[in-house]
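Below is one structure, written out as structure tokens, with a few remarks after it.
The values are calculated or read from the model by the stated rules, or taken from the named source; none is laboratory data. Keep in mind that what you see is a predicted model, and the values were worked out from it rather than measured. Using ideal geometry, Cβ is built from the backbone for each residue, glycine included, and neighbour counts are taken over all protein chains shown. Side chains are part of the model used for accessible areas, which takes the heavy atoms of the whole protein and leaves out ligands, DNA and RNA. Shrake-Rupley method; radii C 1.70, N 1.55, O 1.52, S 1.80 Å.
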Amino acid sequence: MPSQALVMLNRPSAEMPPHDPYAAPHRFADPAVPQLSVLDLGATRGDGIFETLSVGFGRPQAFEHHLRRFASSAASLDLPAPDLAAWRGAVLAAIAALEPADEAWAKIVMTRGIEGAHSPTGWVYAAHSSDFTRERSEGVAVVLLDRGYRHDVESTSPWLLAGAKTLSYAINRAAFREAARRGADDVVFVSSDGYLLEGPSSTLVYRRGDTLYSPGTGLGILDGTTLANVFRFAREHALGTAFELGGPDALRTADTAWLVSSVRLVAPIRSVDGAGLHVDREFTAALNAWLRVLAE
Ligand code: PLP
């Protein structure tokens, strides 16, 4: 069995034109062979949405939360609503085709499709995960970078799509390169009016006393699926959880902090702009162990 699999959806949205009701909902394709038209708006304009899920021991994690966020991103972009039953089936098929592994991931993508065709393109690509042992144990050095938007951008300027998971990640990748230029591994974005936001591919969590804090939604950032589970773990361990609109000092003076996301899971922050931050190895290891085997 292979370490990667590709499933193309024949009908990513039920809002597409009438089709043969007996047609298969998806088909396997060769990931080594090009599958996308050069006219696809996902390729030419980054006009589409995606989700990346962790797959732990063959099970998709936070599956329904990811699908909810996928549907919400589609609504933000005025894309046809994804047919969630079709996507569920395609994800499970892609995962089942993989050689069993402790950790894998699945990326689901829906683009606006070929220009003028009014028919979205959708696929699921699944593969074995890389080894994140070092990031999870030693942690990551982060730099604070200006996001260039105010913290209320989501309500003042919804056309900027802040808070939707769109395919336009060139800025997120550029932020990682800027971090590398500054000798760091990762980034925490700060709004132009001085509030902590999120990483380019992760959610910020920090601990003060017996409570875990995160910037929360409504700030033009993603509603993190890993965060939801991290907060669940905290509550099961008698810790408080809260959303906080905080500035950089809330992070700099935290007892400890993490960047959390699907696939890499929980990476402790070991420094902020070069200033060291305490890494709680034991708590982080317990949290990652719990997330790795999560069944939902
Ligand atoms: N924020 C951004 C911008 C992301 O791209 C991601 C994930 O890729 C996250 C947060 C974390 O989300 P999740 O925990 O659902 O993977």
Helix 225-236 axis, angle to the chain major axis (alpha carbon atoms, nearest 10°): 50
Percent carbon-and-sulfur accessible area, the chain, ignoring ligands, DNA and RNA, probe 1.4 Å: 54
Zero-based 5 Å bins, Cα pair distances in the range 105-149, whole percents: 5, 14, 11, 10, 11, 17, 17, 8, 6, 2
Within the chain, helix-based [θ] at 222 nm, where runs of 4 or more DSSP H residues each add -39,500 (n - 2.57), nearest 500: -8000 deg cm²/dmol
Top positive-direction residue, dipole computed over the range 148-296 with Cβ charges, set 239, 201, 221: 201
Contact order normalised by residue count of the chain, Cα under 8 Å, 6+ apart, percent: 20
Cα pair distances in the chain, grouped into 5 Å bins until the bin that holds the longest one, percent each: 1, 5, 12, 15, 17, 17, 14, 10, 6, 3, 1, 0, 0
Heavy-atom accessible area per residue - the range 15-112, 1.4 Å, Å²: 48
Charge dipole (debye, nearest 20) of the chain; +1 at Cβ of Lys and Arg, -1 at Cβ of Asp and Glu: 200
Binned Cα-Cα distances of the range 1-72, short to long, each 10 Å bin given as a whole percent: 14, 37, 43, 7
The chain: angle of helix 281-292 to the longest principal axis, Cα-based, in degrees nearest 10: 20
Rounded Å value of the spacing that divides the Cα centres of the range 242-296 and the range 146-200: 18
In degrees, nearest ten, helix 63-76 long axis to first principal axis of the chain (Cα): 80
Charge dipole (the range 1-159, unit charges on Cβ, about Cα centre) - positive-most of 130, 13, 116: 13
Convex hull of the range 41-141 built on C-alpha atoms - directionally averaged projected area, nm²: 7.9
